[in-house]
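**Q** Mind looking over this structure? Questions follow.
The values are calculated or read from the model by the stated rules, or taken from the named source; none is laboratory data. These numbers come from a predicted model, not from an experiment. Using ideal geometry, Cβ is built from the backbone for each residue, glycine included, and neighbour counts are taken over all protein chains shown. Heads up: the accessible areas ignore ligands, DNA and RNA and are worked out on the full protein's heavy atoms, side chains in. Shrake-Rupley method; radii C 1.70, N 1.55, O 1.52, S 1.80 Å.
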Amino acid sequence: MSDRDFEFCNQVDDSKKGFRPAQLSKSLSKNELEAIRGFESVFPFRITSEYASLIDWSNQNDPLRKQVVPTLDEFDIAEDESKDPLEESRYMPIPGIIHKYEGRIVWLITNTCPIHCRFCFRRWKWKSELTQDISENDIDLIVQYLNRHPSVYEVIFSGGDPFMVDQDKLNACLKALDRCSTVRLIRFHTRLPIVASDDILAGKPLYKGHNYTSRVVIHINHSNEISPGFKKCVLHWQKQRISVLTQTVLLAGINDTEDNLFDLFFQLAELGVQPYYLHYPDAAAGTGHFRIPVDKAIKLSRYLMNHLPGYAVPKLVRDIPGRAAKTII
């Protein structure tokens, strides 16, 4: 395997994480290696050593391994699948902005993620550039757009992972939103607390705007992802009085059991983190093997409602193009 396959593994001290990249190639099957080669120019295999250290590489069915290691199933594309399953391109009035729902915009601040989740609904929009430079002009255009649309009260930073952006540049974006008096809420969607927690802990505090409050939504799918680094990141934000929520994708063979979901959401509740959404997977091309029957998803959701306090039960939702909001299942 090439060095490029492990370009993100060198961001942290592997010896401290108990994992070395050389171990990985010996742990992958022939079919996995074939899939990695097949998707190298489309949606390449990418992992951090922190995330790799959480995986039991002797277990082909490890739930974290199945999220990030390509398989030949990804070459199977069903008729109802799409490279733009949420039709986001229809809702981009200016580059980098998705204005799909009333009152909210998504700011795609970067196209870079520290890992590539194989079920990602934006997997076909991946670009090979390592970073996306945000200019002052880009920021000004978005501020102008927001001021032309005073009904927008929330800005959601996404991508890619917004915390992959240089901290000074990210804070410059936040500071610019002070010029938009109608923006009252800020949200960040991220995987970094699980896959590169040191980047969060070593970073500068997030800029706190004059008009808005901030929230962080961590994408977490299994209790095995609740690592010491994850817990430190949660506490790091809580000390800054930033609300921490989570979203989870319901994935076949990964977390689609009563015990898996109960363990995850109970442990999050213990940490003072609120489970927000349980997503039914989007129909991104090549991801059909991750989806379970809707009836099973509903049964799992009902089990959670019957066994967890309400604040620990996320809403089971799916994103249907053309609808005014996510659809509760």
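**Q** Using all Cα-Cα distances in the range 190-329, what percent lands in each 10 angstrom bin from 0 up to the longest?
**A** Calculated P(r), rounded to whole percents: 11, 39, 33, 16, 1.
**Q** May I pose another question? Accessible area per residue, 1.4 Å probe, Å², for the chain: what's the number?
**A** Values: 15170 Å² over 329 residues.
Averaged over the residues of the chain, the accessible area is 46 Å².
**Q** Could you compute the net charge surrounding THR257? Neighbours are other residues with a C-beta less than 12 Å from the C-beta of THR257; K and R count +1, D and E count -1.
**A** Summing Lys and Arg as +1 and Asp and Glu as -1 gives -2.
**Q** While we're looking at this one, here's another question. If you bin every alpha carbon distance in the chain into 10 Å steps from zero, what whole percent lands in each bin?
**A** Values per bin, smallest distances first: 5, 25, 35, 26, 7, 0.
**Q** List the residues whose amide H sits under 5 Å from the amide H of THR213, counting only those 5 or more places along or on another chain, with H placed 1.01 Å from N in the peptide plane.
**A** Under 5 Å from the amide H of THR213: LEU185, ILE186.
**Q** Oh, and also: For the chain, what is the calculated [θ] at 222 nm in deg cm²/dmol (nearest 500), taking -39500 (n - 2.57) for each run of four or more DSSP H residues and dividing by its residue count? Spell out each step's value before the answer.
**A** Values: 12 runs with 99 residues, N = 329.
My calculation for the chain gives -8000 deg cm²/dmol from helical runs alone.
**Q** If you filter the range 82-131 for GluC sites (Glu not before Pro), then keep DSSP loop positions with at most 10 other Cβ within 10 Å, what is left? List each step's numbers first, then the result.
**A** On the way: sites: GLU87, GLU88, GLU102, GLU129; in loops: GLU87, GLU102, GLU129.
Passing both the DSSP loop test and the Cβ count: GLU102, GLU129.
**Q** List the relative contact order of the chain as a percent without decimals, with contacts defined as Cα pairs under 8 Å and 6+ residues apart.
**A** Numbers: 571 pairs, mean separation 54.8, N = 329.
For the chain, the relative contact order is 17 percent.
**Q** Which value, in Å³ per residue, describes the convex hull spanned by the Cα atoms of the range 39-110? Could you put the intermediate results ahead of the total?
**A** Working: hull volume 12.2 nm³, N = 72.
Roughly 170 Å³ of hull volume per residue.
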